[in-house]
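What follows is a single structure, written as structure tokens, with notes after it.
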Amino acid sequence: MSDYVIETRGLTKQYGAQTSVSDLSIHVRQGRIYGLLGRNGAGKTTTMRMLLGLTDPSSGTVSLFGKPLRGNEKKILPRIGSLIESPGFYPNLTGTENLRIFADLRGLKSPKYIKSALEVVNLPYRDKKLFSQYSLGMKQRLAIALAIMHNPELLILDEPINGLDPIGIAEVRDFIRELCDATGKTILISSHILSEIALLADDVGIIDHGVLVEEESLEELEAKNGKYFRFTVSNAAAAGRLLYERLGIHDMTVDSANELTVRDLHLDTAQAISLFVGAGLTVSDAHLYEDTLEDYFKKVTGGEGIA
Amino acid sequence: MKALLKLLRCEFSKLKRKPLFFAAAAISALIPLCCALFLPEMQDFASGAEAVDRLMSTLFQLSAYLLLMPAVVVLASNLLFEEQDNDTLKNLMTIPVSKPALALAKMTLLFLFSIAFMAIGGLVNLGIVLASGLEPAGFWRLFFVGIGQGILMWAGALPCVLLVVLLNRSYIISVIITFFYTVINYILGTNDFFITQPFGFNPGTLLPGPLAFRWFFQYLDTSGAQMTKLMERISPYFVTTPQAFLVVVLESAVFLTLIALVYKRQSC
């Protein structure tokens, strides 16, 4: 049996000549939060829809809980809670009435399921307010309540913080983290907001133009983020020679006549500066730089940043 | 079957605060009430039996053809498109609920609506007869004929519902199609060419208007010189209840299957 709760192989979706998702192979481990990060239109939602059987892939396979989704929908889908795109509910009904319909269809007879799901997202039980009168944030909360109501083992949440205010975002973030930590649920979450993924995910998949360009744990990804020293000196070439000859530093580049980048983090900067000054060089700036996840995202997607 | 009943229960829950559905059911009282209030011949009856017959014939010949059938199609488009309009289809599919089962639950709801429509109309007629101080002789027989006609009209509306589902999403086109379908059905239902065809594989049997006419008309009072002539001409072509409902069952099976298949193709 596979170690992964979600595993796709060569998942591809084409709409006519346009490829929305291309040869995507993602691996979501049990009890982890997997963040699918990408710009708007990168193929996150299409991927999630294929994982739930809402959209048929053009090619490739989806395995959930070690079984292929196709042909096992009746066994697999009840084990999943999902929120895809905008929240969809009946506008003429209240939040509780809406949840009752879906609870009935799921065979959840006791009202405690509805009550506790609403409690988690801070929405009132048996409130008289109709769904059509809900704010965007309330709609999003109700959609989260629907996703968790039947206590699923796997949650697939497409941009769950959309429309939430900052406090709501923090609450949902804490709640998702707790769901994973306290109950061992596996969560696949998509976002175009890098900071959210960085704060929440254990594993990250970066998707760009339908292609998975990176898939790693957050720690590994952070370890990949470059750290380096940069010196602005009167003669960068001479300074580099000094570091090589006197301190045995190899990993460096002379960027310009006055700029030197050193990637060897064992360098003692105070020692380097006194060496430069002793050799008659002028040091006007010395800095330790660290690439952020955003810089890394830019690097791997070869484009502009993300929110 | 259990799953279908569960879906049907949920369809009823979704009707809450939906005025269109209740307004459609309420219009079944419209024609009987208007006739009773504004037509002199509907206020002066020789007997209770005559009052029942005349009032019920307006229900069969006007309400069923001109109100029930279009109401079924308009409500069908409302019910079938509501999941896409409200973006709830994805929630249902991930439970999972099958689209064909969902479509069948919605059609079953309309089946019950058709029966309720004719039952309400019939009961309003009963109220009018009783309010006139007459004995409603023979009412219950015609009441059940009315229920049967409701079923015939529901089945007759299914081809139009299929067309509406095929055209997907355009309410204006749905209404236009419904209007023409209703008018054509009404005209054909009273056209000699269609109502004087033997039971068999022909338009007079297969089209809902003529079939319903050839079934319900035999239950109405046909005394009087004018009616005798008409009866002589059309009575050989009346269909029996088993014949009428055999056609309904077969046509419903075909059109419900097609509606379910087309609905299955709709994206969510």
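The values are calculated or read from the model by the stated rules, or taken from the named source; none is laboratory data. For clarity, every value in this text was computed on a predicted model and none was experimentally measured. Glycine gets a Cβ as well: all are built from the backbone with ideal geometry, and neighbour counts include every protein chain shown.
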Residue match in segment B:57-66 (condition: more than 17 Å from the chain's Cα centre (by Cα) and over 30 Å from residue B:171 (Cα atoms)): no
Residue match in segment A:118-129 (condition: within 14 Å of another protein chain (Cβ to nearest Cβ), in contact with a Phe, Trp or Tyr (Cβ under 7 Å, 6 or more places away or on another chain) and within 20 Å of residue B:14 (Cβ to Cβ)): no
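Residues to consider are A:188, A:221, A:243, A:146; find the one that is within 20 Å of the chain's Cα centre (by Cα), buried (at least 20 other Cβ atoms within 10 Å of the Cβ) and modelled with pLDDT of 90 or more. Steps first, answer last, please.
Working: A:221 fails: modelled with pLDDT of 90 or more; A:243 fails: within 20 Å of the chain's Cα centre (by Cα); A:146 fails: within 20 Å of the chain's Cα centre (by Cα).
Answer to the check: A:188.
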Checklist (1) over 22 Å from the mean Cα position of the chain (by Cα); (2) in contact (Cβ under 8 Å) with a residue 12 or more places away in the chain applied to residue B:27, failing item: (1)
Which numbered condition residue A:37 fails, given (1) farther than 13 Å from residue A:8 by Cβ; (2) surrounded by fewer than 19 Cβ atoms within 10 Å (Cβ to Cβ): (2)
Residue under evaluation residue B:13, criteria (1) touching a residue at least 12 places away in the same chain (Cβ under 8 Å); (2) within 14 Å of chain A (Cβ to nearest Cβ); (3) not aliphatic (A, V, I, L, M), criterion not met: (1)
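When residues of segment A:173-190 are filtered for being of a type outside the set (A, V, I, L, M, F, W, C) and assigned to a helix (DSSP H, G or I), how many remain?
So the answer is 6.
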Count - residues of segment A:251-265 that are loosely packed, with under 15 Cβ neighbours inside 10 Å and closer than 15 Å to residue A:237 by Cβ: 4
Criterion violated by residue B:144 - all others in (1) crowded, with 18+ Cβ neighbours inside 10 Å; (2) away from every other protein chain (no Cβ under 14 Å) satisfied: (1)
Selection count where residues are within 24 Å of residue B:149 (Cα to Cα) and crowded, with 17+ Cβ neighbours inside 10 Å, scope segment B:28-49: 9
Where residue A:146 falls short, out of the listed (1) within 14 Å of chain B (Cβ to nearest Cβ); (2) assigned to a loop (DSSP other than H, G, I, E, B); (3) in contact (Cβ under 8 Å) with a residue 12 or more places away in the chain: (2)
Residue, modelled with the highest pLDDT, within segment B:159-217, restricted to residues that are over 22 Å from residue B:256 (Cβ atoms) and of a type in the set (D, E, K, R): B:214
Residues (within 14 Å of chain B (Cβ to nearest Cβ) and assigned to a helix (DSSP H, G or I)) located in segment A:19-65: A:45, A:46, A:48, A:49, A:50, A:51
Candidate set from segment A:82-100 (those that are crowded, with 23+ Cβ neighbours inside 10 Å and of a type in the set (A, V, I, L, M)); member that is nearest to residue B:12 (Cα to Cα): A:99
Count of residues meeting criterion [surrounded by fewer than 22 Cβ atoms within 10 Å (Cβ to Cβ) and in a loop (DSSP other than H, G, I, E, B)] in segment A:191-204: 3
Selection count where residues are more than 10 Å from every other protein chain (Cβ to nearest Cβ), in contact (Cβ under 8 Å) with a residue 60 or more places away in the chain and outside any loop (DSSP other than H, G, I, E, B), scope segment A:66-113: 1
Helices (runs of 4 or more DSSP H) lying entirely in segment B:77-181 (those with 1 or more residues that are touching a Cys at 6+ places or on another chain (Cβ under 9 Å) and β-branched (Val, Ile, Thr)): B:99-131
Test: residue in segment A:257-264 that is over 29 Å from residue A:193 (Cα atoms), of a type in the set (D, E, K, R) and modelled with pLDDT of 90 or more: yes
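With B:70, B:40 as the choices, which residue is away from every other protein chain (no Cβ under 14 Å), in contact (Cβ under 8 Å) with a residue 40 or more places away in the chain and not basic (Lys, Arg)? First the steps, then the outcome.
Details: B:40 fails: in contact (Cβ under 8 Å) with a residue 40 or more places away in the chain.
From the options B:70, B:40, the qualifying one is B:70.
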Considering residues of segment B:149-179 that are over 24 Å from residue B:112 (Cβ atoms) and surrounded by 14 or more Cβ atoms within 10 Å (Cβ to Cβ) only, the residue nearest to the chain's Cα centre (by Cα): B:173
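Can you work out which of the residues in segment B:180-197 that are among the hydrophobic types (A, V, I, L, M, F, W, C) and exposed (fewer than 15 other Cβ atoms within 10 Å of the Cβ) is nearest to residue B:52 (Cα to Cα)?
So in segment B:180-197, the residues among the hydrophobic types (A, V, I, L, M, F, W, C) come out as B:180, B:183-184, B:187-188, B:193-195.
Imposing the further condition that a residue be exposed (fewer than 15 other Cβ atoms within 10 Å of the Cβ) reduces the set to B:180, B:183-184, B:187, B:193.
Working: B:180: 31, B:183: 26, B:184: 28, B:187: 25, B:193: 29 Å.
Once the filter is applied, the top-ranked residue is B:187.
Per-residue answers, yes or no, for (1) touching a Cys at 6+ places or on another chain (Cβ under 7 Å); (2) over 18 Å from residue A:298 (Cβ atoms); (3) basic (Lys, Arg):
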{"position": "A:212", "(1), (2), (3)": "no, no, no"}
{"position": "A:218", "(1), (2), (3)": "no, no, no"}
{"position": "A:230", "(1), (2), (3)": "no, yes, yes"}
{"position": "A:244", "(1), (2), (3)": "no, yes, no"}
{"position": "A:247", "(1), (2), (3)": "no, yes, no"}
{"position": "A:252", "(1), (2), (3)": "no, yes, no"}
Residue selected from segment B:93-119 under the condition without any contact (Cβ under 8 Å) to a residue 24 or more places away in the chain and aliphatic (A, V, I, L, M), by the criterion farthest from the other protein chains (Cβ to nearest Cβ): B:112
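What number of residues within segment A:266-298 satisfy the criterion of being farther than 19 Å from residue A:233 by Cα and exposed (fewer than 15 other Cβ atoms within 10 Å of the Cβ)?
Residues of segment A:266-298 farther than 19 Å from residue A:233 by Cα: A:266, A:290-298.
With the extra rule that they be exposed (fewer than 15 other Cβ atoms within 10 Å of the Cβ), the set shrinks to A:266, A:290, A:292, A:295.
Matching residues across segment A:266-298 total 4.
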Subset of segment B:222-258 (residues that are of a type in the set (Val, Ile, Thr), modelled with pLDDT of 95 or more and either surrounded by fewer than 18 Cβ atoms within 10 Å (Cβ to Cβ) or under 30 Å from residue B:93 (Cβ atoms) (or both)): B:240, B:241, B:249, B:254, B:257
Complete set of residues in segment B:73-88 that are surrounded by fewer than 22 Cβ atoms within 10 Å (Cβ to Cβ) and either more than 7 Å from every other protein chain (Cβ to nearest Cβ) or in contact with a strand residue (DSSP E or B) (Cβ under 9 Å, 6 or more places away or on another chain) (or both): B:74, B:78, B:81, B:82, B:84, B:85
